[in-house]
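Visitor: Have a look at this one before I ask anything.
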Amino acid sequence: MPLKLDNLDLSKHVIILTGATDGIGKEMARILAGFNPKRLILPARNIEKGNNLLEYIKSSNGHVNNVEIWEMDLGDLQSVKNFANKFIKEVGELHILINNAGVSVQSRVIKTKDNFELQFQVNHLAPFLLIWLLLDTMKRSVSAELPGKIAFTTSVSNQFGEIDFDNLNLEKNNSWHPFKGYGNTKLMEIIISKHLGRMVQSENITTCSIHPGIIHTNITQLSSPLFASIFKILTKVIRAEITAEQGAINVLYPVFSLETGKYYNEGIEDEPNKIAYDQEIEKKLWDVSEQILKDHGMI
């Protein structure tokens, strides 16, 4: 039975949702806008696509008065820092952060301008930076009556992931594998969610990570045409594909309706890769990620 969201009152909530211009993020933005948020800020790498998103929301439910498109590129760490600094200065309060943006590269190693493997930066390092920079703002904004929530849109591909601290950025020769880089970063999201949840458990903030279901979105846009075609065919053959709208609900439902701090698969609590339960790896991944960003002058 598909999950549904009851009517929410988000009139006191300032929300940031990344990856909102396409796929399930686009549907999440539409749904959240319909619940009258105090402010819904949607970072976009492409402002034109951001403006198209506003038109989509307006044509769907008309609620765009409190929806804002801000420029941010997860493939550029300075852009993330600029966004966070502007947010702290101009908004100064935050209650919900949904890290939904992601990329899958199945054909080759692609490097960002910061010289990181694209998936490692966009799926892990940049969201980590965003959280690190905005966490104090959220701590000051929330209360027992108005708790904070930090969520990650992850993937069942975490089951194929591994954490090799000597190869986080796929530095090793011949370490490229079509699914490995993506699975690694999806596992990182779950691990960071768990560690962060422990860090803020007394701060009226909860965390969760959610696999939305199998949805054919443009996350495969940087994959080879063959891989993208195979993915689309497979999802239809095994009838596993769901709509972007249902995928959006599958993410939002745990955030607003269930106990958080856990990993969910299509809105139902599930078991992630067993590596996610190793608290030594958990702490080390946090510390190493923090050090990488310090070395790059971002924090």
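Visitor: Please determine whether any residue of region 84-105 is among the charged types (D, E, K, R), assigned to a helix (DSSP H, G or I), surrounded by fewer than 23 Cβ atoms within 10 Å (Cβ to Cβ) and under 19 Å from the mean Cα position of the chain (by Cα).
Guide: No - not one qualifying residue is present in region 84-105.
Visitor: Restricting the search to region 265-291, which residues are crowded, with 16+ Cβ neighbours inside 10 Å, under 16 Å from residue 196 (Cβ atoms) and either at pLDDT below 95 or under 20 Å from the mean Cα position of the chain (by Cα) (or both)?
Guide: Scanning region 265-291 gives 272, 276, 282, 285, 286, 289.
Visitor: I would also like to ask the following. Among 135, 170, 146, 125, which is the only one that is out of contact with any Ser or Thr (no Cβ under 6 Å at 6 or more places or on another chain), surrounded by fewer than 24 Cβ atoms within 10 Å (Cβ to Cβ), touching a residue at least 60 places away in the same chain (Cβ under 8 Å) and not in a loop (DSSP other than H, G, I, E, B)?
Guide: 135
Visitor: For residues in region 48-75 being out of contact with any Leu (no Cβ under 9 Å at 6 or more places or on another chain) and either charged (D, E, K, R) or assigned to a strand (DSSP E or B) (or both), which is surrounded by the most Cβ atoms within 10 Å (Cβ to Cβ)?
Guide: 73
Visitor: Of all residues in region 246-275, which are assigned to a helix (DSSP H, G or I) and under 28 Å from residue 13 (Cβ atoms)?
Guide: 246, 247, 248, 249, 250, 251, 252, 253, 254, 255, 256, 257
Visitor: Still on this structure, I have one more. With respect to residue 89, determine if the residue is free of Cβ contacts under 8 Å to residues at least 40 places away in the same chain and more than 20 Å from residue 292 (Cβ to Cβ).
Guide: Yes: the conditions hold for residue 89.
Visitor: Are any residues in region 173-203 of a type in the set (Phe, Trp, Tyr) and assigned to a loop (DSSP other than H, G, I, E, B), and if so, which ones?
Guide: 176, 179
Visitor: Among the residues of region 180-212, which ones are touching an Asp or Glu at 6+ places or on another chain (Cβ under 6 Å) and either acidic (Asp, Glu) or at pLDDT below 95 (or both)?
Guide: None - no residue of region 180-212 is touching an Asp or Glu at 6+ places or on another chain (Cβ under 6 Å) and either acidic (Asp, Glu) or at pLDDT below 95 (or both), so the list stays empty.
Visitor: For residue 219, state whether it is within 15 Å of the chain's Cα centre (by Cα), crowded, with 19+ Cβ neighbours inside 10 Å, farther than 30 Å from residue 145 by Cβ and at pLDDT below 95.
Guide: Considered against the rule, which asks whether it is within 15 Å of the chain's Cα centre (by Cα), crowded, with 19+ Cβ neighbours inside 10 Å, farther than 30 Å from residue 145 by Cβ and at pLDDT below 95, residue 219 comes out as yes.
Visitor: Mind telling me which of the residues 294, 232, 262 ends up being of a type in the set (D, E, K, R) and at pLDDT 95 or above?
Guide: Exactly one of 294, 232, 262 is of a type in the set (D, E, K, R) and at pLDDT 95 or above, namely 294.
The values are calculated or read from the model by the stated rules, or taken from the named source; none is laboratory data. Source: prediction; values computed, not measured. Glycine also receives a Cβ, built like all others from the backbone with ideal geometry; neighbour counts cover every protein chain displayed.
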